[in-house]
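The values are calculated or read from the model by the stated rules, or taken from the named source; none is laboratory data. What you are looking at is a predicted structure, and each value in this text was computed from that prediction instead of being measured. Ideal geometry is used to build each Cβ from the backbone, glycine not excepted, and the neighbour counts take in all protein chains shown. For the accessible areas, the whole protein counts, side chains as well, though only heavy atoms, and no ligand, DNA or RNA atoms are used. Shrake-Rupley method; radii C 1.70, N 1.55, O 1.52, S 1.80 Å.
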Amino acid sequence: MENNTNKKNIVVVGAGTGGVAIAARMAKLGHNVAVFEKNAFVGGRCSLIEKDGYRFDQGPSILLMPHTFKETYEDLGYDFEKVMDVRRCDSNYKIHYPDNDSITLSSDLSLMKKELERIEPGSLSGFLAFLQEAKYNHDTSFGMVLTKNYNNWWELFTLENAIAAIKMKILYSLWNRACIHFKSDKLRRAFTFQSMYMGMSPFDAPGTYSLLAYSETADGIFYPIGGFNKVCSTLEDIAKLAGATFTYNANVKSIDVDQISGLATGITLESGEKIAADIVICNQDLVTAYNTLLPPSPYATTLKTKNQTCSTVSFYWGLNKKLPTDNFHAHNVFLAPEYKASFDSLFEKFTLPESPSFYIHVPSRIDPSSAPEGCETLAILVPTGIITEQTTPQEIKAIHARARAEVIKAIEARIPGCTDFESWISTETVNTPYDWQEKFGLWKGSALGLSHEIMQVIYMRPQMRHAKFGNLFFVGASTHPGTGVPVVLCGAKILQKEIQDILDAGNGFKHRKIFGVFGHEQSVTIVLLMAIVSVLVAVIAGLMNSPLLVVGA
């Protein structure tokens with residue numbers, strides 16, 4: 001713990017990835033940090049289900065962008081690879097197509113060349129060009145988005161950033177960029193399904209998000225032995241060693257605020273107990289927090305209308321026998337016959353596609369401790385629509401049943417030796433959209449929070465600092481910089497700097513900005529921002545014809 005003469009009492013609402021990461025960071029700086037979590041366990045969605053000798057990752061299972069994890073632990077004074085046993089997966093994915101063909105994606109370029117040429121002869125050059133473009137998107141995103149905050153619109157809307165945005169293909173869809181580099185529909189699908197990490201359709205996601213495919217290929221995919229929750233539990237241990245406290249089964253009823261001073265004063269628990277604080281950091285789902293923990297406001301109402309990522313029906317199956325090794329790797333993707341239509345069902349009709357794509361995680365392939373000997377652990381994520389006003393319990397029950405049937409049907413039809421697969425399931429747990437909402441407070445059951453379309457990222461995404469209550473901050477998937485464990489870890493680092501800069505300035509936490517509270521609730525901000533965006537779009541559209549600015553087109 002560092003000596004801090006300006007020590008503050010900090011309350012963190014929620015012990016998800018963002019909550020434990022910021023708790024560890026602020027405790028290391030010498031602040032008094034107290035974390036309150038509604039559940040009995042650490043990690044939020046990044047938690048475990050243990051049943052009948054099987055261990056399942058309830059949410060995240062793919063460790064991408066390992067440098068962000070290493071940086072987090074280094075900042076806290078630890079070596080990430082010594083704190084936990086992290087293994088690189090032999091392959092990235094086994095992707096299964098509806099025609100019973102498959103492709104193995106890997107970080108080994110010699111193996112990738114064979115797979116690519118088998119499906120689309122001569123495709124290696126297109127793949128390398130795609131990676132070059134994706135690398136630019138990856139590197140630029142880290143410098144432009146994942147390492148800094150934008151408290152004012154003029155910090156974002158600069159000529160330099162506009163040129164970078166053009167080069168990152170923000171006006172193209174990810175699918176469009178794949179079509180430029182690959183002729184085969186199979187390869188186009190293999191390098192665009194990753195947009196689901198952001199909870200978006202590849203037909204809507206900006207071309208920028210090819211950065212995900214680059215990270216997988218360049219860095220590989222990793223897995224912490226003992227489960228992904230090891231990330232959160234070790235951060236909790238580090239936070240505790242620095243003096244932070246964690247209270248579980250402590251549901252927060254409200255974040256207490258003083259309208260006159262424009263400051264948060266602490267929190268009130270469901271038990272009625274009040275906890276005073278100099279700073280409040282909220283790691284609960286942001287839309288839920290604004291609409292249930294804070295006083296009603298126009299901005300809270302506006303948040304309800306913003307686009308969310310999809311939900312999932314997630315199955316956790318313990319099998320009483322092993323799956324065929326060649327056809328199931330640690331990470332497996334079964335793609336829908338009607339690729340675009342499946343995404344339209346998710347994001348336009350808010351329902352389960354007629355024939356859905358789905359992801360299967362088999363942790364026992366890399367971590368045998370996750371299943372009894374001779375058995376297999378499976379976590380299956382089937383994307384489905386979010387909860388709407390028209391959604392009924394009967395509909396969710398029907399979606400659950402149909403999703404289960406579709407997964408079993410696909411496995412039994414596409415994988416040799418699995419014709420009686422359903423009989424292998426010896427233990428079963430499921431999370432439906434209602435479960436995600438109830439367990440973790442996810443608005444409408446959205447698995448990954450707010451969507452990452454262009455008008456919901458960077459400055460246009462809900463800010464880390466509340467627009468009115470200057471000592472209230474947010475960390476997690478739906479605030480800047482966005483969703484995904486590595487991105488949330490980046491957000492915790494940004495937030496640490498944000499808070500410490502305010503403390504170092506010595507002017508207190510009350511907002512002092514040119515138009516009063518120059519935040520999302522001020523109409524002048526919105527009007528001005530729309531004008532700036534309109535001008536930039538016009539400029540970008542004019543520059544799109546410049547060959548100097550078009551990369552990989």
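Data table
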read-out	value
Complete set of residues in region 29-43 that are open to solvent by 10 Å² or more (accessible area, probe 1.4 Å), touching a helix residue (DSSP H, G or I) at 6+ places or on another chain (Cβ under 8 Å) and farther than 28 Å from Ala371 by Cα	Leu29, Glu37
Selection count, region 267-300, where residues are in a helix (DSSP H, G or I) and in contact with a Phe, Trp or Tyr (Cβ under 9 Å, 6 or more places away or on another chain)	8
Residue list for region 44-63, restricted to those being open to solvent by 20 Å² or more (accessible area, probe 1.4 Å) and in contact (Cβ under 8 Å) with a residue 40 or more places away in the chain	Arg45, Leu48, Ile49, Lys51, Asp52, Gly53, Arg55, Pro60, Ile62
Region 157-206 - residue that is among the β-branched types (Val, Ile, Thr) and in contact (Cβ under 8 Å) with a residue 40 or more places away in the chain and, of those, surrounded by the most Cβ atoms within 10 Å (Cβ to Cβ)	Ile166
Leading residue by the ranking (nearest to the chain's Cα centre (by Cα)) among those in region 127-139 that are buried (at least 18 other Cβ atoms within 10 Å of the Cβ) and not charged (D, E, K, R)	His138
Long-range neighbours under 6 Å by Cβ, at least six apart or interchain, first residue free of Cβ contacts under 8 Å to residues at least 60 places away in the same chain and under 13 Å from His331 (Cβ atoms) within region 364-383, second open to solvent by less than 10 Å² (accessible area, probe 1.4 Å) and part of a loop (DSSP other than H, G, I, E, B)	none
Condition met for Asp99 (in a helix (DSSP H, G or I), open to solvent by 20 Å² or more (accessible area, probe 1.4 Å) and more than 30 Å from Ser369 (Cβ to Cβ))	no
Pair list, Cβ < 8 Å and 6+ apart or interchain, from region 326-337 residues that are assigned to a loop (DSSP other than H, G, I, E, B) to residues that are of a type in the set (Gly, Ala, Ser)	Asn327/Ser102; His329/Ser91; Ala330/Ser91; Leu335/Ser357; Ala336/Ser342; Ala336/Ser355; Ala336/Ser357; Pro337/Ser355
Flag if Ala410 is in contact (Cβ under 8 Å) with a residue 40 or more places away in the chain and either surrounded by fewer than 18 Cβ atoms within 10 Å (Cβ to Cβ) or under 17 Å from Ile225 (Cβ atoms) (or both)	no
3 or more residues among the β-branched types (Val, Ile, Thr): qualifying strands (runs of 3 or more DSSP E) within region 6-96	9-13
The lone exception for Ala398 - which of (1) farther than 26 Å from Ser61 by Cβ; (2) part of a helix (DSSP H, G or I); (3) open to solvent by less than 50 Å² (accessible area, probe 1.4 Å) it fails	(3)
Among (1) assigned to a helix (DSSP H, G or I); (2) of a type outside the set (A, V, I, L, M); (3) buried (at least 16 other Cβ atoms within 10 Å of the Cβ) - the single one Ser314 does not satisfy	(1)
Which listed residue is open to solvent by less than 30 Å² (accessible area, probe 1.4 Å), modelled with pLDDT of 95 or more, in contact with a His (Cβ under 6 Å, 6 or more places away or on another chain) and more than 30 Å from Ile380 (Cα to Cα), from Tyr290, Tyr299	Tyr299
Flag if Phe56 is under 18 Å from Ile360 (Cα atoms), at pLDDT 95 or above and in contact with a Phe, Trp or Tyr (Cβ under 8 Å, 6 or more places away or on another chain)	yes
Answer residue from region 207-266, given it is under 18 Å from Val488 (Cα atoms) and in a strand (DSSP E or B) and is most open to solvent (accessible area, probe 1.4 Å) among those	Phe222
Wholly within region 111-196, helices (runs of 4 or more DSSP H) carrying at least 1 residues that are polar (S, T, N, Q) and touching a helix residue (DSSP H, G or I) at 6+ places or on another chain (Cβ under 7 Å)	124-144, 159-167, 174-181
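Each row is one residue, and each column tells you yes or no for (1) within 13 Å of Phe315 (Cα to Cα); (2) in contact with a helix residue (DSSP H, G or I) (Cβ under 6 Å, 6 or more places away or on another chain).
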| residue | (1), (2) |
| --- | --- |
| Thr351 | no, yes |
| Glu354 | no, no |
| Tyr359 | yes, no |
| Val362 | yes, no |
| Ser369 | no, no |
| Glu376 | no, yes |
| Gln390 | no, no |
| Ile396 | no, yes |
| Ala405 | yes, no |
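Quick grid of which residues meet (1) modelled with pLDDT of 95 or more; (2) open to solvent by 10 Å² or more (accessible area, probe 1.4 Å); (3) on the phi > 0 side of the Ramachandran plot:
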residue: Asn320; (1), (2), (3): yes, yes, no
residue: Asp326; (1), (2), (3): no, yes, no
residue: Pro337; (1), (2), (3): yes, yes, no
residue: Lys340; (1), (2), (3): yes, yes, no
residue: Pro363; (1), (2), (3): yes, no, no
residue: Glu376; (1), (2), (3): yes, no, no
residue: Ala379; (1), (2), (3): yes, no, no
residue: Ile386; (1), (2), (3): yes, yes, no
